[in-house]
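The structure appears right after this line, and notes come after that.
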Amino acid sequence: MINNKHVEHYINLYRNGKIKLNKERVMLIEYLERDVLSRTDIYFDNKMIDDCINFGEKWYFPLQDFQKFLIAFIFLFFKKTDRVFYRKFLWMLGRGGGKNGLFSVVAHFLISELHGIPEYNISVVANSEDQAKTSPDEIKKTVRRHSVLQKAFKAWESKTTCIRTQSEIRYRTSNGETKDGLRDGAVGFDECHQYESNKDVRVHISGLGKKKNPREFYFGTDGYVREGFLDKMKEKALKVLRGETRANALFPFICKLDSADEVDDPTMWEKAQPMFCEPRSEYAEELFYTVNEEYLDMADDPSNREEFMTKRMNWPEVDLEKSVAPWEEIWSTGYTTAPNAQEQILRKVPDTLHRTCVGGLDYARIKDFASVGLLFKVNDDYVWKTHSFVRREFIKKVKLNVPIYEWEEQGLLTVVDGPVIDIQHIVDWFVAMREKYGLNTIVGDTFRLDLVKPALEAEGFELEFIRNPRAIHSLLAPKVETAFAKRNIIYGDNPLMRWFTNNVLVKTKPDGNKEYLKKDELRRKTDGFQAFIHALFKADEILIDEEEFFLDEIDF
């Protein structure tokens, strides 16, 4: 067994009932004791850990127990090589939890002579310049406040440099197109929930490894982007905690509520906000007062709940006035378990071979995406089998920040060449599906009627056209909401379709009718969902339960 006093102290606080932990942190302790602390080939550099803690408390602020616990694992090394055990760190805490402050302490220490690695440069990356500057500005101001630090560091406007090690910290925006060739020792990604893919992350970390002991820090609250970079990180974190991947793939410190109902019990807030553990610091008391005021204000203005739950409690919720369904319900189209469940269980997709179905088509924007699909009804469930086509030139020009080529490998879409998406791709797909399923009717809108109608009718399909697609949205909205709520919609394990659905903006008009629009006209595509809606419009008319149909035909 290896040990460190700060790690032991934090674990004992939990074991003795002094602090409340959410299930991910309980799993973290269990995983550490099972897969890490029990090893004999690694060691804590206790001197460097204490040096970092003392550095932070001398020049910044008193560190909390959980912050000392986190620092300890930054300086966990292999015995043989003195290389870091953990390269990647994920810190997720409710807003106000001191993530940036802690990273400022760590980053400042890592560029210092106390860490001792020459030219151990650090980049702090965020989507906006203001956000990226948070820690570099804090370090710069700290140096400028203390004459002693000014003897060891030079604080420029754009960077702070350690005189002896020539290590520097600077900020960068997440646009990675001009960031090749960096020679960083560490990179910090602030508010990483905003990244829709790992494209920019890959560029920023591509320069790591040229300096000893490279590290990646990902920190922030949860956010509103689903199926994005952070969700993938959380999936990886659960695999680490369950022992399903190598033990040092990631150090995940995730603080959140265990259920939405816990928001009504302020004693549970420390699950999402470890600053609230007793005894509270002066800073924590002020923060608790502010958070409590925001909670009480929700009684008068419930529209603040989505932001409060997502940012303060790390429990993402969606405003159903703006979204088709909560993420848990969208997730349930492919899984029987919640998005953050300890074990993910795929939902069984009913056998639809030779069953009657209705086709759905969205072919409005032939220069970017087009989607097709088949809708089946099995008992009370709507089963949607879909495919999409996307122009290669479009995805080169427009930054979608989703794994298009990964989805292509999974067979969920096809990337096509040419100035437009040729109607023949659509026709060929439906013809191939007719070989396996009872497909005769296809439903779409009239926008490309001149292209669609002759091509599909020439293959013997019956076309149903919706002259005003937005008019059917208000008719279908209650059915859609009910079907999602009852888990009656099945996509299978289809991240592309979940992305389409989560991109839909539900707009309530003054007359109370609803329309399904896009949350972002250019980058948040909804084609697959619109094709689903087109098919659903005719589903109950065409998809008669086969047993009931046969019984109806028998002359008793």
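Values quoted throughout were computed directly from the atomic coordinates according to the rules given, and no laboratory measurement underlies them. Being a predicted model, the structure only gives us computed values, none of them experimental. Quick reminder, even Gly has a Cβ in these numbers, built from the backbone with ideal geometry, and neighbours come from all protein chains shown.
Given the C-alpha atoms of region 263-319, compute the convex hull and give its volume per residue in Å³.
Looking at region 263-319, the number lands at 66 Å³ per residue.
Can you grab the distance from the C-alpha centre of region 116-143 to the C-alpha centre of region 293-352, Å, no decimals?
33
When every alpha-carbon pair in region 356-546 is counted, what percent end up more than 19 Å apart? Intermediate results must be reported in sequence, preceding the final value.
Details: 10420 of 18145 pairs.
Roughly 57 percent, rounded to a whole number.
Which of the lysines could be linked to K80 by a straight reach, that is with a Cα gap under 28 Å, when you skip same-chain ones fewer than 8 residues away?
Partners found: K5, K47, K68, K88, K210, K211, K212, K236, K239.
Where the only charges are on Cβ atoms (+1 Lys, Arg; -1 Asp, Glu), what is the dipole of region 263-319 about its Cα centre, to the nearest 20 debye?
280
How many nm is it between the label spots at Q150 and Y289, if each spot is 7 Å from the Cα in line with the beta carbon?
It is 3.4 nm.
Using a Debye calculation, one point per C-alpha and no hydration shell, please list log10 I(q)/I(0) for the chain at q = 0.09, 0.11 Å⁻¹ in order.
The Cα Debye sum returns log10 ratios of -0.77, -1.04.
Only counting other Cβ atoms within 10 Å, I'd like I122, I345 sorted with the fewest neighbours first.
The order, fewest Cβ neighbours first, is I345, I122.
Once you keep just the Cα pairs under 8 angstrom separated by 6 or more residues, what percentage relative contact order results for region 56-155?
Numbers: 59 pairs, mean separation 18.4, N = 100.
This gives 18 percent for region 56-155.
Taking K and R as +1 and D and E as -1, what net charge do the other residues with C-beta under 9 Å from the C-beta of T336 add up to?
+3
Nearest 20 debye, what's the magnitude of the dipole of the chain about its Cα centre given +1 on Lys and Arg Cβ and -1 on Asp and Glu Cβ?
For this selection, approximately 3240 debye.
Would you mind checking the radius of gyration and Dmax of region 118-250 based on alpha-carbon positions, in Å?
16.1, 50
Considering the options I19, H6, I49, tell which one lies farthest towards the positive end of the dipole of region 1-154, charges being +1 on Lys and Arg and -1 on Asp and Glu at the Cβ, about the Cα centre.
Highest projection toward the positive end goes to I19.
What is the dipole size for region 356-546, taken about its Cα centre, with +1 at each Lys and Arg Cβ and -1 at each Asp and Glu Cβ, in debye to the nearest 20?
Numbers: 28 positive and 29 negative charges, 188 e Å.
So the dipole magnitude of region 356-546 works out to roughly 900 debye.
Ranked highest first by the average count of other Cβ atoms within 10 Å around their residues, in what order do 266-278, 204-216 fall?
266-278, 204-216
Farthest toward the dipole's positive end in the chain, which of I489, I542, I345, given Cβ charges of +1 (Lys, Arg) and -1 (Asp, Glu) about the Cα centre?
Working it through, the farthest residue towards the positive pole turns out to be I345.
Between 0 and 90 degrees, rounded to the nearest ten: what's the tilt of helix 65-74 against the longest Cα principal axis of the chain?
Once rounded, one gets 90 degrees.
Excluding residues on the same chain fewer than 8 positions from K479, give the aspartates and glutamates whose Cα lies under 16 Å from its Cα.
E321, E329, D380, D381, E515, D540, E541
List the relative contact order of region 356-546 as a percent without decimals, with contacts defined as Cα pairs under 8 Å and 6+ residues apart.
31
So what's the net charge close to G492: Lys and Arg +1, Asp and Glu -1, counting the other residues with Cβ under 11 Å from its Cβ?
Details: positive: R347, K348, K385, R498; negative: D493.
My count for the surroundings of G492 gives +3.
In degrees between 0 and 90, to the nearest 10, how far off the longest principal axis of the chain does helix 282-297 point, with axes built from Cα atoms?
20
Which order, highest average first, do 408-414, 68-74 follow once you tally other Cβ atoms within 10 Å for each residue and take the mean per peptide? Don't skip to the answer; put the middle values down first.
Values: 408-414: 14.6, 68-74: 22.4.
Listed from highest to lowest mean packing, they are 68-74, 408-414.
Taking the Cβ of F447 as the centre, find all other residues whose Cβ is under 11 Å away and add up their charges (Lys, Arg: +1; Asp, Glu: -1).
Numbers: positive: R365, R448, R467; negative: D362, D445, D450.
Once positives and negatives cancel, what remains is 0.
Normalised by the number of residues in region 269-408, what is the relative contact order in percent for Cα pairs under 8 Å and 6+ residues apart?
Over region 269-408, the number comes to 10 percent.
Pick out, in residue order, every one of the trypsin sites (Lys or Arg not before Pro) in region 124-157 that is DSSP loop and has at most 16 other C-beta atoms within 10 Å; say none if there are none.
Answer in residue order: K151.
Report, ordered by chain and residue number, the aspartates and glutamates lying within cross-link reach of K159, taken as a straight Cα distance under 16 Å and ignoring same-chain residues fewer than 8 apart.
E119, E129, D130, D137, E138, E168, D184
Regarding region 363-431, what are the three Cα extents along the principal axes, ordered largest first, in Å?
That gives 44, 26, 20 Å along the principal axes, largest extent first.
Could you tell me how far the Cα centroid of region 478-541 sits from the Cα centroid of region 48-84, in Å?
48
Sum -39500 (n - 2.57) across every DSSP H segment of at least 4 residues in the chain, then divide by the residue count to get the 222 nm mean residue ellipticity, nearest 500.
The helix contribution divided over the chain gives -10500 deg cm²/dmol.
What residue among N401, A107, V383 has its Cα farthest toward the positive end of the dipole of the chain, where the charges are +1 on Lys, Arg and -1 on Asp, Glu, each on the Cβ?
A107
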